[in-house]
1. Hey, which lysines would be in cross-link range of K277, C-alpha to C-alpha under 23 Å, not counting anything within fewer than 8 residues on its own chain?
2. Which value, to two decimals, describes the C-alpha radius of gyration of the stretch 175-239 once divided by 2.2 N^0.38 Å?
3. Between V373, A186, M1, whose Cα lies farthest towards the positive end of the dipole of the chain when Lys and Arg beta carbons carry +1 and Asp and Glu beta carbons carry -1, centred on the Cα centre?
4. Would you mind counting up the charge near H321? Only other residues with Cβ under 13 Å from its Cβ, with Lys and Arg at +1 and Asp and Glu at -1.
5. Name the residue, out of A164, A302, A330, whose mean-square fluctuation peaks in a Gaussian network model built on the chain with Cα pairs under 10 Å.
6. Can you give the net charge of the other residues whose Cβ lies under 14 Å from the Cβ of L368, counting K and R as +1 and D and E as -1?
7. Evaluate Rg over Rh across the stretch 274-336, taking Cα atoms for both radii and Kirkwood's formula for Rh.
8. Beyond 22 Å, what percent of the Cα pairs of the stretch 91-228 remain?
Amino acid sequence: MAAVDRGWTVIGVDNFEAKVAQINSGKSPVEDISDTELQEALKNGAYKASIDFSEVSRASVITICVPTPLDEKREPDLSLLQSAAREIAPFISNETLVVSESTSYPGTLRDIIIPTVDSLKPKDTINVYFASAPERVNPGDPVWNQKNTPRLVGAINEESKNKALAFYESICDAAVSVSSPEVAEAAKLLENTFRLVNIALINEFTQLCSANSINVHEVIDAASSKPYGYMPFRPGVGVGGHCIPVDPLYLTWWARQSGQRAMFVESADVINHGMPKYVAQRTLMLVDSMVPNPRVLILGVAYKPGVGDVRETPVSDLYHHLKDLGAIVAWHDPYVKTWEDTEPVGLDWNCDIAILATNQPGMDAEQLIAKGVQILDCTNSLRNKTGVISL
Ligand SMILES: NC(=O)c1ccc[n+]([C@@H]2O[C@H](COP(=O)([O-])OP(=O)(O)OC[C@H]3O[C@@H](n4cnc5c(N)ncnc54)[C@H](O)[C@@H]3O)[C@@H](O)[C@H]2O)c1
């Protein structure tokens, strides 16, 4: 849509037929894109979705932005990226720019995408330009979007760099040129790993504060009064979504390939993974020990506020830990229709305690406070309210 806005004609090629049909019917699958905006672009021919990879032959710029998840060993799974490269390659026209926007470890463009494209592209396609410009998007963010977030661009040669900069300068306020695709790829991993380790630090710190009856948020606010050298992060149930918990493991894997260890990052991952269990235990300690099977209501299950995305949400682990500890658990989230094969309950569900896990807009936790329900607030959004205990 950012490209459409700046006058480009865009075709979204996707192998998920139902999603393509949904988009072409004018229903946006992305929270930050309204149906009206999508319908307008479909109506004036500026955008369409397709399952047909031969549409690629019409493109002067191809951006690859398929998921880059982890496999069952929690190692990089580039199978979707590889298959996307294989599928587009036979249809790439001469003089086309191919950009990898997917997050991955340094070397992915040069060692995986380029050899695949080069070996399968049409014989009369002589010049193909390649760059890496990792996607930087923060779903649900009212301030930062594709247009006003600077975009890193690292290309394999001068011509590729000029083409990629021209494209991203046309759709973003600023494109930042770096010396190679590897720098752009590594920068993306650094950005998300920076968040992971800082969240882990504060998640560990909050446990120390809690054990010593100190409110961690008061400490964070106090430290934040220092005008330099400190940046506040808040504790929570853990980290979720398909970026922060995933990308740092691309970094740890990449380190191991050269016989090194990213130990700091590995520790951060362990600490964040321990949070759901800590929150479950802390919750049940707040309930009267005479109640054999406490009824626990989880408020907000998406991985962050303002979205219905439950991928990698740490609330899933919390849910299972609570059940393993004997609790009867229900959940409420205005953005999520089904989760963990269960349906949400209303805020009037009778509970012994509630956990505010994700502070979804429009979710009226005050209703529970008014009823005298105890709430463990993992989001720092119900400060100084009666019956609310801060994580
Ligand atoms: N969404 C974000 O917040 C965000 C932010 C920064 C970076 N990223 C990165 O961007 C990349 C894409 O993430 P996303 O959240 O947009 O993914 P997504 O899960 O929304 O998937 C994008 C689309 O790719 C399609 N797809 C999968 N394999 C395909 C293939 N072989 N050919 C064609 N289409 C295919 C899927 O059907 C899906 O519709 C990832 O590397 C991610 O780490 C995402």
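The values are calculated or read from the model by the stated rules, or taken from the named source; none is laboratory data. Quick caveat, the model's predicted, so the values are computed rather than measured. Counting neighbours? That spans all protein chains shown, and the Cβs are built from the backbone with ideal geometry, glycine included. Please note that ligands, DNA and RNA were not included when accessible areas were found on the heavy atoms of the full protein model with its side chains. Shrake-Rupley method; radii C 1.70, N 1.55, O 1.52, S 1.80 Å.
1. Here the lysines satisfying the reach criterion relative to K277 are K73, K304, K323.
2. Details: Rg = 15.8 Å, N = 65, 2.2 N^0.38 = 10.7 Å.
Dividing the Cα Rg of the stretch 175-239 by 2.2 N^0.38 Å gives 1.47.
3. Farthest along the dipole direction, towards plus: A186.
4. Details: positive: K277, R282, K323; negative: D317, D324, E340.
Its environment carries a net charge of 0.
5. Residue with maximal mean-square fluctuation among A164, A302, A330: A330.
6. Computed value for this residue: -2.
7. My calculation puts Rg/Rh at 0.99.
8. 53 percent
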